Structures are given as structure tokens and as C-alpha cells.
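Structure first, then comments.
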Amino acid sequence: MCGRFVYAAQCGENQLAFPQVVFPNEIPLRYNIAPGQDITAIANTAEPRADTFKWGLIPSWAKDHKIGNRLINARGETLAEKPSFRTAFKRRRCLIPATGFYEWQRNPDGKTKTPMYIALKSGAPFAFAGLWESWHSPEGQRIQSCTIITTEPNDLMAPIHNRMPVILPANAYDLWLDPAERTDLQALLSPYFAQEMTAYPVSTLVNSPINDTPDCLKPAKPPEQSALF
DNA sequence: CCAGACGTTGTT
DNA sequence: GTCTGG
DNA sequence: CCAGACGTTGTT
DNA sequence: GTCTGG
């Protein structure tokens, strides 16, 4: 799955990576983005424009916004059928700019976990495939929210975790952002090219979302292997 | 007809 | 909102 | 994803 | 254990 990510691009790099998108502001630099927080996404509106969305999709029919806490990911394999996602899959897709993400890999002891940082070898920004919604609270307040789509792991991710977020290749952005209703996009939701990605362990500093600093990206020593043989 | 679910992950 | 189950 | 809370009453 | 909050 994907429960934490990073956006720490160089100034101007986002416009280079997403030339067709309007950025009213630079995307804030973040080193430890957690579910429930406001993130920047590009919705498939007539003019693709970076905007703010709460991470954790709140379906339009929800009575309570808290359901979004559990819908931070959506399985790509079943999007078209799930009541919470199928309409958004047809009509409300988005790109979520990132420069990396974290996954917690279970250690050989079977109990503890080591956080891993995963990014492109190029270090360039990329985009998660996402869905967005606009929810109206009973009090009349509007909340825009979004979710990150997941798929099976590629060869790099398989040892780390049994799911990974969908990273779209740049040549798929226009198709994913087509404002038209469409149902032919499932093929885009596949694992990204493993040979273009890299992964390394980081410290447990990243465990707490309070820590949102460049230190989160520092390589850490891998966990001790079991001496029992 | 109305009531109730609607999701992912990980863990057991 | 829309589908399933009772 | 992980961290942290998880409760009531009465008093200030 | 399970839910909420970040």
C-alpha cells in the first residue's frame, strides 16, 4: 500500500514534470506526508490545475467525513466495481505529484519493521494515479478529498511489501486526466518499471508524522539479521 | 418495501 | 448514490 | 502508514 | 482490541 510519501522537488521541477498543468503556487516541500493531511493533486478538470485535497477519500454519500481515514488507498484491480470508487474512476481522476514514498518492511524477527524509502533513480518527480471527490457536510461545508491507487508489487517492491502505489508513466498523464467519462483506463494501473526505481532503509524518525524534515530521507543501517541458524 | 453496507491493510 | 439482503 | 487514546464527575 | 488523528 502507500501510507506515507514525500514531495521534495527542486524549485520549478514540478512545472518541468507536468508541463500541461497550471500551478498557482509551488507545491510545499514535505518529507513525511501522512493520511488525513492536505496534499496537492491535479484533478481531471477542463484545465488541469494543482489544488488542495485531503488525503483519504470521502464518498459523496458519506454521512461522516471520518470514513476518509480508511480510504487512503484504492485497489486498482477492483476500482470499477466498488461503490466507494467506481464513479470517481469514471469521472474524477487525479495525479498526485511525489518524489518518493515510504513502506514499512517486516524484519526477519516477524515483529518489528524497518521503514524503507522508495524513489526513482533519476530523483525526478513522478505522479501517483489517484481519485478525487467533493463532499458536502451536513453543515454545508465542502471538503475535497483524494485516494492513491495501489497494485501488485514489481520486483523491487516484492521483498518489501505485497502492494505498491500506482506510478503513472508521463505519457499516460493526458489520458488519465481526460475529463471525459471513460472505462478504458484499467490497463494504466500496473506496477511501475522496477529498473527505474531504488529503495533504501531509513530511520524510525519517519514513524511519527510529527517529524517532517529532510532527516527522514537519510539512509539508515539495515536491521541486524538473525544469528540463529 | 426499508435497512444497511459501501474500504484497505495486516494479522491471526 | 446504488446495490444487496431481509 | 504509525502513534496515541481509550472515562466520568466535579471543581476551577 | 479498535478507533481516531496526523
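The values are calculated or read from the model by the stated rules, or taken from the named source; none is laboratory data. Not measured: the values here are computed from a predicted model. Neighbour counts run over all protein chains shown; Cβ positions are idealised from the backbone, glycine included.
So which residues in segment A:26-85 are more than 16 Å from DNA strand D (Cβ to nearest atom), more than 20 Å from A:ASN211 (Cα to Cα) and among the aliphatic types (A, V, I, L, M), if there are any at all?
Within segment A:26-85, A:ALA41, A:ILE42, A:ALA43, A:ALA46, A:ALA50, A:ALA62, A:LEU79, A:ALA80 qualify.
Kindly indicate whether A:THR114 is more than 22 Å from A:ASP184 (Cβ to Cβ), among the β-branched types (Val, Ile, Thr) and surrounded by 14 or more Cβ atoms within 10 Å (Cβ to Cβ).
Here the answer is yes, as A:THR114 does meet what is asked.
Pairs under 6 Å by beta carbon, first residue more than 16 Å from DNA strand B (Cβ to nearest atom) in segment A:205-220, partner of a type in the set (A, V, I, L, M, F, W, C) and part of a loop (DSSP other than H, G, I, E, B), six or more apart or different chains?
A:PRO209/A:ALA34
Restricting to segment A:22-50, name every residue that is in contact (Cβ under 8 Å) with a residue 40 or more places away in the chain and farther than 19 Å from A:ILE143 by Cβ.
Residues satisfying the conditions are A:ILE27, A:ARG30, A:TYR31, A:ASN32, A:ALA46, A:PRO48.
Considering each of A:LYS111, A:LYS121 in turn, give the residue that is farther than 21 Å from A:GLU181 by Cβ and at pLDDT below 95.
Of A:LYS111, A:LYS121, the one residue that is farther than 21 Å from A:GLU181 by Cβ and at pLDDT below 95 is A:LYS111.
Only residues that are near DNA strand B (Cβ under 6 Å from one of its atoms) and farther than 30 Å from A:CYS11 by Cα: list them for segment A:61-84, please.
A:TRP61, A:ARG70, A:LEU71, A:ALA74, A:ARG75, A:THR78, A:LYS82, A:PRO83, A:SER84
Of all residues in segment A:67-81, which are closer than 21 Å to A:GLY36 by Cβ and either within 12 Å of DNA strand C (Cβ to nearest atom) or out of contact with any Leu (no Cβ under 7 Å at 6 or more places or on another chain) (or both)?
A:ILE67, A:ASN69, A:ARG70, A:ILE72, A:ASN73, A:ARG75
Name every residue in segment A:27-56 that is in contact with a strand residue (DSSP E or B) (Cβ under 9 Å, 6 or more places away or on another chain), away from DNA strand E (no atom under 13 Å from the Cβ) and assigned to a loop (DSSP other than H, G, I, E, B), in order of residue number.
Selection gives A:ILE27, A:PRO28, A:LEU29, A:ASN44, A:THR45, A:GLU47, A:PRO48.
If A:LEU95 passes every condition in (1) more than 16 Å from DNA strand D (Cβ to nearest atom); (2) modelled with pLDDT under 95 but one, which one does it miss?
In the conditions (1) more than 16 Å from DNA strand D (Cβ to nearest atom); (2) modelled with pLDDT under 95, A:LEU95 misses (2) alone.
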